[in-house]
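Step one of this worksheet: look at the structure below.
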Amino acid sequence: MIETEPRRAAAAPSASAPALEVGNLHAWYGESQVLHGVDLRVGVGETVCLLGRNGAGRTSTLRAIMGLTSARSGTVRVFGHDLARVKPHRIAGLGVGYCPEERGIFASLSTRENLLLPPLLHTGFEGFSLAEIDALFPNLKERADAPGTSLSGGEQQMLALARILRTGARLLLLDEISEGLAPVIVQALGRAIASLRDRGFSILLVEQNFHFSARLADRFYVMERGRIVEHFSRQELPHRREQLARLLGV
Ligand SMILES: Nc1ncnc2c1ncn2[C@@H]1O[C@H](COP(=O)(O)OP(=O)(O)O)[C@@H](O)[C@H]1O
Ligand SMILES: [Mg+2]
């Protein structure tokens with residue numbers, strides 16, 4: 001009997017594999033090497049924080065995971081899928097939601113129109129309904145008809161995350177989501193992320209300041225000059241504060 005190829009590769013995540021496994025990741029922008037052997041892991045349902053000063057290589061790590069740096073070597077697996085064989089535009093289809101520093105919402109559309117746009121990238125999993133988005137981000141619900149141009153930085157950040165949740169992403173890569181936002185908005189984002197964590201999402205938070213992630217993350221990595229230089233659990237955080245403040249210059 002001749003075996004026929006399955007029409008579509010299985011999109012379902014492997015039950016036992018971690019959400020994200022990065023091994024010995026090197027990356028370059030042209031001639032310039034920015035990552036020098038990064039190892040990190042996010043278990044399914046785990047929230048992990050990647051800390052570092054500006055220029056440490058955190059955004060480059062996320063970009064290399066997504067196949068957006070000009071060159072990379074090493075291994076990246078999401079839910080057990082080896083990304084070496086996956087084209088960048090297909091990575092989101094495995095359930096990865098990347099929220100870059102620049103938020104990429106449509107300024108000419110209202111909040112609700114932004115949420116109703118057919119997602120550019122489908123993950124194959126069911127995304128959040130509008131009712132679920134409203135429940136998670138009451139601030140956005142109040143601003144449903146407001147044009148994108150009138151949204152505050154924090155509202156834009158929520159909208160960017162909401163759009164990712166609409167796609168059905170299960171692993172969230174969030175780059176400096178709290179940066180430059182008013183404390184009340186940072187608190188609202190923190191509550192939303194805690195609720196996603198409680199619902200079983202796997203989350204990698206990139207931050208410069210550990211205060212935002214201190215109550216959210218199960219584990220912490222610290223990056224310096226393209227390398228992971230520290231790794232510790234939430235339980236160890238109280239003993240690491242001084243060292244962290246020194247490493248991060250906060
Ligand atoms: N597009 C790029 N081309 C060349 N070098 C870059 C580019 N983006 C970032 N870099 C360099 O890579 C290093 C790491 O930057 P980045 O990953 O943005 O750090 P972080 O996100 O931790 O602030 C820095 O030295 C930065 O100047
Ligand atoms: Mg960055």
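All of the numbers you see were taken from the coordinates with simple rules; none came from a lab. Nothing here was measured: the structure is a model prediction, and the numbers come from that model. Neighbour counts run over all protein chains shown; Cβ positions are idealised from the backbone, glycine included.
Details
- As a proxy for reagent exposure, ranking MET223, MET158 by other Cβ atoms within 10 Å from fewest up yields MET223, MET158.
- Sorted by Cβ neighbour density within 10 Å, fewest at the top, the residues LEU117, LEU205, LEU50: LEU117, LEU205, LEU50
- At an R0 of 45 angstrom, the distance between the Cβ atoms of GLU101 and HIS239 translates into a FRET efficiency of 0.90.
- Stokes-Einstein diffusion of the chain at 20 °C, 1.002 mPa s viscosity, Kirkwood radius from Cα pairs, rounded to a whole number: 114 µm²/s.
- Taking 7 Å steps out from each Cα toward its Cβ at GLU113 and ASN209 produces label points 3.4 nm apart.
- From least to most packed, judged by other beta carbons within 10 angstrom and beginning with the fewest, GLU179, GLU207, GLU46 follow the order GLU179, GLU46, GLU207.
- Among the trypsin sites (Lys or Arg not before Pro) within the range 117-221, those in coil by DSSP and having at most 15 neighbouring Cβ atoms inside 10 Å are ARG199, ARG215.
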